[in-house]
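J.: Dropping a structure here in structure tokens format, bear with me for questions.
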Amino acid sequence: GQPNLSSEEEYFLEEVADLIGRQVEKSSLLTRLRQSEERHKKLAANLAKEMWSRTEALAQESGYLEGILRSSDDMIITTDLEGRIVEFNPAAEKTLGYTAEEMQGRKISDVWLDAAERERLMDEVNLSGGIQNYQTRLKTRSGEFREIFLTLSLLRDEQGQIVGTVGVSKDIGRENAVRRELELLNHNYRETIHFISHENKNS
């Protein structure tokens, strides 16, 4: 049979049993904590690797886009939602005579010969998402104007939210001048042929 225990002895044994139980619990908890810590370390390492990989990819993409902006022969101008200039590439500087620094933050309508025309155009862009090869004129720093073909699109961020516009413009002033000259030469040629034909008939 069970030995008779005094109340003090019973209390002591219960305390010991409780402590042993807690020790087992504590040991189990420590094991779980270590496993959890290792899991979190792995997750943190993977996250750091992923972040580094994405940062590197973004840097390469940014470098690639910067290269396009710098080397393009076409004017590339981006604006924010308020129509303020954000990017103004070297071709835009060369064509319009302004520096990128002085144009940053200025309203894009400042360089349009007809500012109201741009407002009307933006209504169309907001409806359709963009326009292509629209012929218009921009003002240069010296007060002259440049004839351009403009492709204007809505600019969106990674989440698809509209953040502004991107305009790619081709200076067609020289082409138009050559075309007008050819048209004039063609007209003069036809006039000459008509004159010779008329003279021959009369003679």
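The values are calculated or read from the model by the stated rules, or taken from the named source; none is laboratory data. Small disclaimer: the values here were computed from a predicted structure and weren't measured. With ideal geometry, Cβ positions are generated from the backbone for all residues, glycine too; neighbour counts draw on all protein chains shown. To get the accessible areas, we keep the full protein, side chains included, count just its heavy atoms, and leave off ligands, DNA and RNA. Shrake-Rupley method; radii C 1.70, N 1.55, O 1.52, S 1.80 Å.
J.: Could you give the length gained by full extension between residue 137 and residue 110, i.e. 0.36 nm per residue of separation minus their alpha carbon distance, to one decimal place? It would help to have the intermediate numbers written out before the result.
T.: On the way: separation 27, 0.36 × 27 = 9.72 nm, distance 1.20 nm.
Here the answer is 8.5 nm.
J.: With the calculation restricted to Cα positions, what are the radius of gyration and Dmax of segment 30-173 in angstrom?
T.: Cα radius of gyration and Dmax of segment 30-173 are 21.7, 78 Å respectively.
J.: With the crude spin-label approximation of a point 7 Å out along Cα→Cβ, what separation in nm comes out for residue 163 versus residue 8?
T.: 7.9
J.: Ignoring ligands, DNA and RNA, what percent of the 1.4 Å accessible area of segment 39-173 is carbon and sulfur? Numbers along the way, then the final one.
T.: Working: 4510 of 8760 Å².
Within segment 39-173, the accessible surface is 51 percent carbon and sulfur.
J.: Further question: Between residue 100 and residue 128, what is the spin-label point distance in nm, taking each point 7 Å from the Cα along the Cα→C-beta axis?
T.: 3.0
J.: What figure, in Å² to the nearest 10, do you get for the accessible area of residue 142 with a 1.4 Å probe and non-protein molecules left out?
T.: So the heavy atoms of residue 142 present about 90 Å² to solvent.
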